[in-house]
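Report on one structure; see the data block that follows.
The values are calculated or read from the model by the stated rules, or taken from the named source; none is laboratory data. Note that the structure is predicted; figures quoted are calculated from it, not measured. Positions of Cβ are generated from backbone atoms using ideal geometry, with glycine treated the same way; all protein chains shown enter the neighbour counts. Protein only, heavy atoms only, side chains kept; ligands, DNA and RNA dropped before computing areas. Shrake-Rupley method; radii C 1.70, N 1.55, O 1.52, S 1.80 Å.
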Amino acid sequence: MSHKVLGIVTLLYLFIFFLHVLYFAVKKQKIISLIWASLFAAIVLHTAGLALRWLESYKLGIGHAPLSNFYESLIFYAWSISFVLVVMKKRFDFPAITLSASLIILALMGYASISPSVEKTIQPLIPALQSNWLHIHVFTCFIAYAAFALSFISSILYLFKWKGFMPPKEALEEINYRSIVVGFPMLSAGILTGAVWAHYAWGSYWSWDPKETWSLITWIVYAIFLHARMMRGLKGKKMAFFSILGFLCVIFTYFGVNFILSGLHSYMV
């Protein structure tokens, strides 16, 4: 049942993408309202799909939150971007932002659904994952990743000059900064809870595993960004490039480490 609901959610995000195309073709303000109504509907259905998968795991006798394998991490990452977008609607109320975000969400959901290399079945948790720290650690990390994805979008848009499409430069700078202000403490919480969890699971708070190392590198990049913004007044293209660098670290931490490097976290987000 959860697969069907998540399939509908994917189609709904595809519908949201086409609504954006229609908006930029005809520039009718009513379409913006329909886009946001569809985004609210999508996050509700997306949440229901995750809840159903959680319930299905209990029916299989291996009950756990849907946060334990690559498939579940992909759909949860998509949910996180949608969630941050809806919660911060007042700041992100620009069609170029919601269009770009919907494309990333659609790519994550599509990859999770279509790729034959992504295992979609509900599986038992390995012993290291059988902890309540799993929920806190994964939630905080993915909210951070979602916020950083939105800062990345604002940075990419800042570097292009498409008339009639781009939000004002000042708005993009503010979105970039505010997204990282949200994401940085969440990433910090994710690293701290991960360290506590590692102590319970493996007997060590920090083992310089590739995932841990790249999480720390990502944290340092965004810490430098915030320091440069607050103390040196970082703005403009330098700010955009710095944000893009940070998100490239996020992508490598999430995807690159799993596919290229091996370690204790190779099965985790």
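Structure data summary
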| item | result |
| --- | --- |
| Proximal aspartates and glutamates relative to K235, as straight alpha-carbon distance under 15 Å, when same-chain residues fewer than 8 apart are discounted | E170, E173, E174 |
| Given K4/K120; K30/K161; K4/K59, the pairs whose alpha carbons are separated by over 21 Å | K30/K161 |
| Alpha-carbon Debye profile of segment 196-259, log10 I(q)/I(0) at 0.23 Å⁻¹ | -0.91 |
| Residues of type aspartates and glutamates that K27 reaches as a straight line, Cα spacing below 18 Å, ignoring anything fewer than 8 places off in the same chain | D93 |
| Gained length - L159 relative to I260, 0.36 nm times residue gap less alpha-carbon distance | 33.4 nm |
| Farthest toward positive dipole pole in the chain [+1 Lys/Arg, -1 Asp/Glu at C-beta], among A195, F165, G7 | F165 |
| Additional length obtainable on full extension of the chain from S33 to K59, 0.36 nm per residue less Cα span | 5.4 nm |
| Value of relative contact order over segment 47-172, rounded to a whole percent, pairs C-alpha under 8 Å and six or more apart | 31 percent |
| Solvent-accessible area of M186 with every protein chain in place, 1.4 Å probe, in Å² to the nearest 10 | 50 Å² |
| Residues of segment 2-259: accessible area per residue with a 1.4 Å probe, Å² | 46 Å² |
| With DNA, RNA and ligands ignored, accessible area of Y205 (1.4 Å probe; Å², nearest 10) | 120 Å² |
| Fraction of accessible area attributable to carbon and sulfur, the chain (%, probe 1.4 Å) | 71 percent |
| Debye log10 I(q)/I(0) at q = 0.15, 0.18, 0.21 Å⁻¹ for segment 54-202, Cα point scatterers | -0.84, -1.06, -1.25 |
| Summed side-chain charge close to M109 - residues other than M109 whose Cβ falls under 15 Å, Lys, Arg +1, Asp, Glu -1 | +2 |
| FRET E, pair L216, V26, Förster distance 51 Å, beta-carbon r, rounded to 0.05 | 0.60 |
| The chain, relative contact order [Cα under 8 Å, separation at least 6], % | 18 percent |
| Additional length obtainable on full extension of the chain from H3 to A107, 0.36 nm per residue less Cα span | 35.8 nm |
| Solvent-accessible ranking of E119, E56, E170, E72, largest area first, probe 1.4 Å | E170, E119, E56, E72 |
| Normalised convex hull volume, the chain, alpha-carbon set, Å³ per residue | 120 Å³ |
| Karplus-derived 3J(HN,Hα), 6.51/-1.76/1.60, for each residue of segment 82-90, Hz, glycine and proline x | 4, 5, 5, 4, 6, 5, 9, 3, 4 |
